[in-house]
Structure formats: structure tokens, C-alpha cells
Amino acid sequence: MELIVYLAGQIHDDWRDQLAEKAKQRNLPLTFVGPQANHDRSDGIGEEILGKQPSAYYRDDAASAVNNFRTEVLMNKADLVIGLFGETYRQWNTAMDISTAITLNKPTIIIRPEALIHPLKELSNKVNVTVETLDQALDVVAYIYE
């Protein structure tokens, strides 16, 4: 049984590649999807499709519409969601995606460092499982196959 896993979280480092490689090493039959990881493409997609916008506000609005469409389609296809909250980057998109997953009743795991226990306590209480590392998240997923 192959599962589709939506990976929610910041796009500024290679955590998705690390998780995918770890899953491959464990022979877990997983397909990963997520937000557009090319930051420039994500920011410019609205203008690329709809044309030049009159201001930065409308440029962001157009890009958000297309990115939200992509997220909705991929998250609806996903069997489960894993969201990473790191210590370095702002986490607004991650929180929004995890809230969406909860609303869609998707089984959800969040990864967050110990330093974020307090700020994420309510969200941790709403998801299925909260862990601190990529390996722990994969341990939870691997348990499905036992």
C-alpha cells in the first residue's frame, strides 16, 4: 500500500529531501507532495499566469490564489500530512497548512523542536501526533505498515 504524504513547512532548506531519503532507506512506500519549493516560482506564479499586476499587493494576491489552489488539490489527494516547524523561519504557512489538514480530517503529524512546545501547544493538541525529529515522524508512519 503506497501512501501520499503532504509535507507542510518552510521551503528554505532541504528537510523534504532528507525525509524522502530516510523513507527510501527504510523502504517505506511513500509518495511525497507539498508546496512549490522554488521560492521565486511560488512568488511569481500569479503574474506568470495572469499577467503583470498593478502592485506588490496584487502580485502577492494572484500568487496566493494559485498556490492555495495547488495546496488544496494536493492536500485533498494526500493520505496524511507531516508539518515541520523549525526554529529558524517564520511558520505562518506551516500553521495554515496544518490547520487546513485538521479541518480536512487528514491524519497529521507535526515535527517541532522542544523550544516550540509552548507556542504550538494548542496545535499539538489538535493533531494526531507531535514529534521532535524527522526520524520520529517516519517511525510513526512506519508503524502503519506493521
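The values are calculated or read from the model by the stated rules, or taken from the named source; none is laboratory data. For clarity, every value in this text was computed on a predicted model and none was experimentally measured.
Worth a mention:
- Listed conditions (1) within 17 Å of GLY9 (Cα to Cα); (2) modelled with pLDDT under 95; (3) more than 15 Å from the chain's Cα centre (by Cα) are all met by TYR89, apart from (3).
- Qualifying residue in the stretch 31-46 (condition: closer than 18 Å to ASP139 by Cα and not in a loop (DSSP other than H, G, I, E, B)): yes
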